[in-house]
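Inspection log for the structure reproduced underneath, given as C-alpha cells.
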Amino acid sequence: MSKRFELFRFITLALAMVLTVPAITLAKPVAPDFVVLSKKLTPTVVNIRTVKVVKPRRYSQRPQFQNPFDDLFNEFFGRFNDPRQQRPRKEQGLGTGFIINTEGYILTNNHVISGADEVMVKLSDGREMKGEIKGKDEKLDLALIKVNSSTPLPYAELGDSDALQVGEWVMAIGNPFGLSHTVTAGIVSAKGRVIGSGPYDDFIQTDASINPGNSGGPLFDARGRVIGINTAIIAGGGGGIGFAIPVNVAREVVKQLRESGKVTRGYLGVRFQPLTPELAKSFGLESAQGALVSNVEKDTPADRAGMRAGDVILQYDGKPIKDGNELPRFVAATPVDKNVKLLIFRDGKKQVLTIKVARMSDGEVAAATGDKMENNAKIGIEVQELSPEVASRLGLKDSKGLVVSGVAPGSPADSTGISAGDLIVEINGQRPDTLKKFMAVAAKVKKGDVVRLLVRKPDGTIMYVAMKAE
C-alpha cells in the first residue's frame with residue numbers, strides 16, 4: 001500500500017506543478033490606429049481632374065462614282081457623320097496626388113496628367129484650384145504639379161522605403177472610381193517587384209485595395225509617412241494586387257523635376273540580362289547573382305573602359321548586384337561624369353573596371369541553304385548559313401552569318417525562347433562564321449553539358465541563353 005500511495009502522491013504533485021506553470025503566450029501584432037491616421041493624413045491627399053481636348057480626325061475626300069440619289073441622302077443624313085462638321089470634344093480623367101510641402105507642390109503619376117490640356121486639383125476641404133505641371137518623368141511614371149494657395153497647405157512627410165519590411169502595415173488614400181478620399185489598409189506583400197512596366201521596375205507590392213483612380217496617391221506606413229506612390233494594379237480572381245513606386249526612388253526625381261522640369265540619368269552603353277543558374281554554370285560562377293553583359297555599344301563609356309560581351313557585373317559602385325534588374329536603377333541614379341568602379345567576372349577571374357558615367361539621351365536605356373546540323377539534336381535547334389534567299393524568306397536584313405532555321409518543340413532550346421530567325425553570334429564563347437565551324441564546336445558537346453549561345457533577335461535584341469544538352 002505504501003508504494004501505491006507514494007506513486008499516487010508523485011502523480012498528484014506532478015500534475016499540480018504542470019497546472020500551476022503560467023502559459024506562454026505570443027504577443028499579437030498591434031495594428032496602427034487607422035482612425036487617427038486617416039484624420040491626420042486625409043488633408044494631404046488631393047483629387048486630380050484632367051481635361052484633354054480631342055480634335056476630330058481630318059476628313060480626306062476621295063473621288064468616287066456615286067448614284068445621283070447619294071447626294072440627296074448625304075445632304076440629309078451624312079452631315080451628321082461628316083468629321084468636317086464635328087467639333088473638338090473634351091475627355092476627362094481622374095487620379096490622385098499628395099502634397100509634399102507647404103508651397104503647394106504635389107506628386108502624382110505621369111499617366112494621370114499625360115496629354116492633359118488642363119489640370120484641376122481639389123483639396124479635402126472642397127477648394128479647387130488650377131494645377132501647373134512643373135515636370136514629368138515618363139520612364140518612372142512620376143509627375144510634379146504646383147498649385148498656388150494663399151495659406152500654407154498641409155503636406156505628407158516622406159519616409160524611408162528602404163527600411164520597409166515585408167509584413168508591415170500600410171494604408172492607402174485615394175479616389176478610386178471617383179470616390180474621393182477613400183481609405184484602405186493592408187500589408188507589404190513583397191518588395192523589389194518587376195512587373196514589366198518600364199526599365200526601372202522596383203515596386204512595393206501590397207494587398208491594400210488599390211483601384212482605378214488611386215493612381216498617384218500615397219501609400220503610408222504605420223507612422224503616417226509616405227513610403228510609396230500607388231501606380232499599378234493587376235486584377236484577377238475577384239481581387240487585385242497593388243504596386244507602388246518606392247518613395248526613395250522618387251525622391252531624387254522630384255528634386256530634379258522641381259529644379260529643371262526634367263530628369264537626367266546615367267548611361268553606360270551596355271545591354272545586359274539577368275543570370276540563370278545554367279548561364280552562371282557555363283561561365284564558371286558559383287551562383288547566379290550578377291548581370292550578364294550581352295552587348296557593348298561602340299563608342300560608349302563601357303566600350304572605352306574595355307567592357308565586353310560575356311562579362312558578368314558582380315558589383316556596381318560598391319553595391320552588389322543580386323539581380324540583374326537592379327543594374328539599370330543603379331546606373332540611372334548615378335550622377336553624370338562620375339567615375340564608378342565595377343567588379344566583373346571574366347574568363348574565370350574577377351577584375352575591376354573604372355567607367356565614367358555619361359548622360360543618357362532620349363531613346364537609350366542597355367553552309368549551303370538547307371544544310372542542317374546533325375549533332376545539335378542535343379539541344380534541339382537547326383542551324384544554317386544565311387544566303388540572300390534565306391534572309392529574304394525570314395525577313396532578315398543580314399545576308400551573312402548563321403541563323404536558326406528550326407526549333408524542336410519541347411527541346412532544351414525551345415524552353416529558352418530561341419526561335420527560327422534568330423541569328424547565332426556565339427556558341428560557348430566562340431564566334432563561328434560558318435556552319436562548319438559551328439558544328440565543330442557543337443560536336444564536342446556531351447549529354448549533360450551546358451551549351452551557351454549568344455543570339456540576336458529579329459528586333460535587334462542581343463541576349464545569352466543557356467541550356468543543358470540531352
Original post:
Tell me, ASP459, ASP202, ASP221 in order of fewest to most beta-carbon neighbours within 10 Å?
Top reply: ASP459, ASP202, ASP221
Subject >> Principal axis dimensions, region 266-359 - Cα atoms, whole angstrom, descending >> reply: 35, 22, 19
Subject >> Cβ-based net charge around PRO412, under 15 Å, with every Lys or Arg adding one and every Asp or Glu removing one >> reply: 0
Original post:
Most exposed first by the Cβ proxy, i.e. fewest other Cβ within 10 Å, how do ASP141, ASP201 rank?
Top reply: ASP201, ASP141
Original post:
Say the cut-off is 19 Å between C-alpha atoms; which of LYS281/LYS350; LYS40/LYS134; LYS350/LYS457; LYS281/LYS356 go over it?
Top reply: LYS40/LYS134; LYS350/LYS457; LYS281/LYS356
Subject >> Neighbour-count ranking [beta-carbon atoms within 10 angstrom, fewest first] of PHE283, PHE345, PHE34 >> reply: PHE34, PHE345, PHE283
Original post:
Which value, in debye to the nearest 20, gives the size of the charge dipole of region 302-354 about its Cα centre, when Lys and Arg are +1 and Asp and Glu are -1 at the Cβ?
Top reply: 140 debye
Subject >> Inter-label distance, nm, simple model (7 Å from Cα along the C-beta direction), ASP317/ALA420 >> reply: 4.6 nm
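Could you rank the peptides 287-294, 157-164, 412-419 by their average count of other C-beta atoms within 10 Å per residue, with the highest value first?
For the peptides 287-294, 157-164, 412-419, the packing ranking is 287-294, 412-419, 157-164.
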Original post:
Any idea what log10 I(q)/I(0) is at q = 0.16 Å⁻¹ for region 209-331, Debye with uniform C-alpha scatterers and no solvent?
Top reply: -0.96
Original post:
For region 161-260, what value does the Rg/Rh ratio take when both radii are computed over Cα atoms and Rh is the Kirkwood radius, given to two decimals?
Top reply: 0.96
Original post:
Do any trypsin sites (Lys or Arg not before Pro) in region 399-470 lie in a loop, going by DSSP, with at most 10 other beta-carbon atoms within 10 Å of their beta carbon, and if so which?
Top reply: LYS444, LYS446, LYS447
Subject >> Per-q log10 I(q)/I(0), region 406-445, q = 0.22, 0.24 Å⁻¹ (Debye; single scatterer per alpha-carbon; no solvent) >> reply: -0.83, -0.94
Subject >> Among VAL270, PRO301, ILE344 the positive-end extreme of the charge dipole of region 266-359 (Cβ point charges) >> reply: PRO301
Subject >> Gain on full stretching of the segment that runs from GLU128 to LYS349 - 0.36 nm per residue minus C-alpha separation >> reply: 73.3 nm
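Each value in this text was obtained by applying a stated rule to the coordinates, not by laboratory testing. Nothing here was measured: the structure is a model prediction, and the numbers come from that model. We place every Cβ from the backbone using ideal geometry, glycine too, and count neighbours over all the protein chains shown.
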